[in-house]
Amino acid sequence: MIIDADAHVIEPYGIFGAAQRLDRNPMELPAATPTTACGGADLSDQWDHAFDAASYLRAMDAQGIDAAVLYPSVGLFVPFQPEISIGEHVDACAGYNHWIAAYCGYRSARLAGVGIAPLGDPDRAVAAVSDALHHGLVGLMVRPNFLFGRNLGDRAYDGFFAALADAGLVLAVHEGLGVRGCPTIGGDRFDSFAARHLLSHPMEQMATMASLMLDGALERHPTLRVAFLESGTGWLPYWLARLDDHIHWMSDSETEGLSLSASEYFARQCCISTDPEDPLCARTVASVGADHVMWASDFPHPDAAFPDALEEFRHHNPDLAESDATTILSETPLDFYGLHDRFVVG
């Protein structure tokens, strides 16, 4: 079974409530930003059917993908606009979560949804967990950026993390370059899309991983599962080593409350996704194990390969053992998202 651990839906207009307005673009991006789905590949079937679940499944079939875990596209941006109220933010997240649950319900044996956590109101984020569980979602997504005046490891989110862990749902950390007014690494010094995109995805993940570990969130919530998505894998061994060094270095002061190294926290609780074009996956697997890496297509975003994403991944990783490839493409996402009893081919 081939599982796409991070694919994206194309949402219909109107599901985000008052936060979504035609006269206000939630994104602010350089003029050169690529915007064509899958680089211009033929997705006429999907566009003709408004990317409904049936046409989405046909796109998966064309790629040889048996099942997918679905993330937002517009939803990466709309709930985080600087102008909207906290109430509008919460309603936008709830609107998406109810919609994606119904979308995946079309074929729940092949589609699973991750909702959006309304972290602007930590109490409502706690309530969103039970709602997500009730509607069959497998996790809640957060952005890695410094939003709502807090890092992700802030104690204000302890109730949310505890609820996720108790429910067995995944905390999915996913960047999306371009939210207007959003503090993003690289945005303070570069104007070009290439530089800003290059920096934002891995470096925002690195910063959030540091917060979750150094601020003690993973120490306080030892059963919370955390996925770091759409940022490649090559940075991970270096970053864990650097975090390990600093946790040891500061163990008599700032990190004295941590009982594990960063590498041990990651091994206990975390997973990272690899991309079709990621040439460093085999090296990362050698460092953290294939059981902590899962494959993702990013379909149908502009940098996604269609319909040959799987072939591209294998081409870029000729040294990856077949047993490790099987683990990455199937067993790790099944285990991490808790989908063994749900995803059935046929």
Pairs with Cβ under 9 Å, 6+ apart, first in the stretch 109-136 and among the hydroxyl-bearing types (Ser, Thr, Tyr), second not in a loop (DSSP other than H, G, I, E, B) = SER130/ALA163; SER130/ALA167
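Would you check if there is a residue in the stretch 12-32 being buried (at least 16 other Cβ atoms within 10 Å of the Cβ), of a type outside the set (Lys, Arg) and at positive phi? Steps first, please.
At the first step, the residues of the stretch 12-32 found to be buried (at least 16 other Cβ atoms within 10 Å of the Cβ) are 15-17, 19-20, 26-27, 29.
Those still in the list that are of a type outside the set (Lys, Arg) too: 15-17, 19-20, 26-27, 29.
Within this subset, residues satisfying the condition of being at positive phi are 17.
So far as the stretch 12-32 goes, yes, one or more of its residues are buried (at least 16 other Cβ atoms within 10 Å of the Cβ), of a type outside the set (Lys, Arg) and at positive phi.
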Flagged in the stretch 10-67 as in contact with a Gly (Cβ under 6 Å, 6 or more places away or on another chain) and of a type in the set (Gly, Ala, Ser), in numbering order, are GLY17
Residues that are assigned to a loop (DSSP other than H, G, I, E, B), touching a residue at least 40 places away in the same chain (Cβ under 8 Å) and among the aliphatic types (A, V, I, L, M), drawn from the stretch 250-264 | LEU258, LEU260
Considering the stretch 163-180 alone, what residues qualify as being in contact with a Ser or Thr (Cβ under 9 Å, 6 or more places away or on another chain) and more than 30 Å from ALA32 (Cβ to Cβ)?
-> ALA163, ALA165, ASP166, ALA167, GLY168
Subset of the stretch 184-207 [more than 22 Å from THR35 (Cα to Cα) and either surrounded by fewer than 23 Cβ atoms within 10 Å (Cβ to Cβ) or in contact with a Cys (Cβ under 7 Å, 6 or more places away or on another chain) (or both)] | ASP188, ARG189, MET203, MET206, ALA207
Please find, among ALA194, ALA207, the residue that is of a type outside the set (Asp, Glu), under 28 Å from SER251 (Cβ atoms) and part of a helix (DSSP H, G or I).
-> ALA207
Here the residues within the stretch 25-82 that are farther than 29 Å from ARG342 by Cα, among the aromatic types (Phe, Trp, Tyr) and not in a helix (DSSP H, G or I) are PHE77
Quick check: is even one residue across the stretch 154-170 without any contact (Cβ under 8 Å) to a residue 24 or more places away in the chain, out of contact with any His (no Cβ under 7 Å at 6 or more places or on another chain) and among the aromatic types (Phe, Trp, Tyr)?
-> no
Matching residues, the stretch 41-70, being touching a helix residue (DSSP H, G or I) at 6+ places or on another chain (Cβ under 9 Å) and of a type in the set (Ser, Thr, Tyr) | SER55, TYR56
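Can you name the helices (runs of 4 or more DSSP H) wholly within the stretch 267-341 that have at least 3 residues being touching a strand residue (DSSP E or B) at 6+ places or on another chain (Cβ under 9 Å), crowded, with 18+ Cβ neighbours inside 10 Å and at pLDDT 95 or above?
Numbers: elements: 281-288, 309-316, 322-326, 332-337.
Fully inside the stretch 267-341 and qualifying: 281-288, 309-316, 332-337.
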Identify the residue in the stretch 63-119 that is farther than 21 Å from VAL129 by Cα and of a type in the set (Asp, Glu) and, among all such residues, is surrounded by the fewest Cβ atoms within 10 Å (Cβ to Cβ).
-> GLU83
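Among residues belonging to the stretch 210-235 that are charged (D, E, K, R) and closer than 21 Å to HIS248 by Cβ, point out the one that is surrounded by the fewest Cβ atoms within 10 Å (Cβ to Cβ).
Keep residues of the stretch 210-235 that are charged (D, E, K, R), which gives 215, 219-220, 225, 230.
Restricting the remaining residues to those that are closer than 21 Å to HIS248 by Cβ gives 215, 219-220.
Details: ASP215: 20, GLU219: 17, ARG220: 15.
It comes out as ARG220.
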Which residue pairs have Cβ atoms closer than 8 Å, lie 6 or more positions apart in sequence or on different chains, and pair a first residue in the stretch 236-249 that is more than 25 Å from THR274 (Cα to Cα) with a second residue that is of a type in the set (A, V, I, L, M, F, W, C) and outside any helix (DSSP H, G or I)?
-> ILE247/LEU258
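Please state which one of ASP291, ASP298 is acidic (Asp, Glu) and over 20 Å from GLU322 (Cβ atoms). Full working, then the answer.
Numbers: ASP291 fails: over 20 Å from GLU322 (Cβ atoms).
Result: ASP298 is the single residue among ASP291, ASP298 that is acidic (Asp, Glu) and over 20 Å from GLU322 (Cβ atoms).
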Just wondering, is there one or more residues in the stretch 208-223 that are of a type in the set (Gly, Ala, Ser) and within 26 Å of ASP188 (Cα to Cα)?
-> yes
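The values are calculated or read from the model by the stated rules, or taken from the named source; none is laboratory data. Quick caveat, the model's predicted, so the values are computed rather than measured. A quick note on method: Cβ atoms are made from the backbone with ideal geometry, for glycine too, and the neighbour counts reach across all protein chains shown.
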